[in-house]
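The structure appears right after this line, and notes come after that.
The values are calculated or read from the model by the stated rules, or taken from the named source; none is laboratory data. All values reported here derive from a predicted model rather than from experimental measurement. Quick reminder, even Gly has a Cβ in these numbers, built from the backbone with ideal geometry, and neighbours come from all protein chains shown.
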Amino acid sequence: MKKDKKIKVLMIADHIFTASGVGTQTRYVAEALLESGKFSIINLAGAKEHADYRPIKTEEWGDDLKIIPVKGYGNPNLIRTQLRIEKPDILWFMTDPRYFEWLWSMSDEIRSLCPMVYYHVWDNYPVPKFNKIFYSSTDKILTISKLTDDIVAKAAPEVSRQYIPHAVSEEQFFPMGREEIESLRKDNFDWAKKGDDRFVLFFNSRNARRKLPGTLLWWFAEWARKVGVEKTMLLMHTNPRDEHGPNLEAILEELDLPTGTVLFSNGKLPPDAMNVMYNMADVTCCISDAEGFGLSSLESLAAGTPVISTKTGGLQDQITDGKEEFGVSIEPASKTIMGSQNVPYIYEDRISKEDFFVALDKLYDMKKEERVALGLRAAEYIKKDFNFKDFKKVWVQTMLDVHEKFGSWDTRKGYKAWHLTNF
């Protein structure tokens, strides 16, 4: 590579300025590469309906970052156009593999020119052998959880892979002082203005079936009546009328809880506002039956708030340092094989109401200072094992290594469009 030539990366993922987990992590990776001064990026920005499909450049990055809004995640003709016009050195893509079957179907066209790098998540066992054809059509797979890494190792051991978990910036998610938190509670909750104190549960996930928001709401109502509805509240940062989940407002009406026991926060908020929400909470609940990583769990722990989570997917990597749990990790009470035509089999991990109540009781019965101390230890653990600066350094070095090992266009190596089979 000439010193004055930047490595051009075609990134296919969510729009890097969207608040989704994929969008956030794509932005972090893009920023790390751009800050190094060694890369330029074209983001095929998908996963949402755009008001304007014209390419975008930012004042900060100029010609080094081009954002091209697309429907879905693009299509074969768009990729062919980008290959011909932009001549990228690396094609990087991220999200569920079901969205990219069309991309792998043209991998022979792409990989003859540049390597394909996939930032991969898979929610659960059994090992998806049906994904082997996709893994084998990729030059390097980066895995976001230990479970995903193990799955790729078993399904396609011949493919180069590397474990790079998600990270969040400690400048955006961090523990706030107790006095500041109490002041913020008074600014946001009527009961706090009256001098009352409550045990606050927080839910920050999409209102989607696998996140189990309806279950959480229903179980919370029963538990709240057990301990006293005046002693607790549930704050749900989600769209209660999302088409992919239940009507949470209708559920709340059916439960007939006192006003203020459950509050909905609907709308996209910047990281500093989200950090306030995590800090105002006593515990964040992530009881999904399938969760590849669980970014809200990581953000909560970084903010110093313990979590209650299902022992599944990437959630189990975050909640413990191997010696101590920073909240409660709940073993699934049932493991059910689910599937579809494209995903023939995968486990769904469901916890029981009884185990959830035990977890709530454990944290509720803790003295406040003990919960605070637990949260501070969690934040230190996240800072050490999911360090944001390390995350950025690893991504820069990994992409440099990919370019060095596989080359592109005239320097392309390590790929053959054919193989011989003995009969």
Self-check item: Residue check, A208 touching a Gly at 6+ places or on another chain (Cβ under 6 Å) and in the same structural domain as T261 (by TED's automatic domain parsing)
Solution: yes
Practice problem: Working only within segment 307-334, note down all residues that are among the polar types (S, T, N, Q) and either over 15 Å from E380 (Cβ atoms) or free of Cβ contacts under 8 Å to residues at least 24 places away in the same chain (or both). | Solution: S309, T310, T312, Q316, T320, S329, S334
Exercise. Among residues belonging to segment 206-258 that are of a type in the set (K, R) and surrounded by fewer than 19 Cβ atoms within 10 Å (Cβ to Cβ), point out the one that is nearest to T312 (Cα to Cα).
Key: R210
Exercise. Evaluate segment 288-300: report whether one residue or more is of a type in the set (A, V, I, L, M, F, W, C), farther than 25 Å from N239 by Cβ and assigned by TED's automatic domain parsing to the domain that holds D242.
Key: no
Self-check item: Selection from segment 216-243 of residues that are among the hydrophobic types (A, V, I, L, M, F, W, C), under 18 Å from N188 (Cα atoms) and in contact (Cβ under 8 Å) with a residue 40 or more places away in the chain
Solution: M233, L235
Practice problem: Give the residues of segment 3-35 that are in a helix (DSSP H, G or I), of a type in the set (V, I, T) and closer than 14 Å to Y118 by Cα, sorted by residue number. | Solution: V22, T26, V29
Quiz item: Which condition does D401 not pass, out of (1) within 28 Å of E31 (Cα to Cα); (2) touching a Phe, Trp or Tyr at 6+ places or on another chain (Cβ under 9 Å); (3) without any contact (Cβ under 8 Å) to a residue 40 or more places away in the chain; (4) not aliphatic (A, V, I, L, M), if it passes all the others?
Solution: (2)
Self-check item: Index of the failed condition, Y278 passing every other in (1) free of Cβ contacts under 8 Å to residues at least 24 places away in the same chain; (2) assigned to a helix (DSSP H, G or I)
Solution: (1)
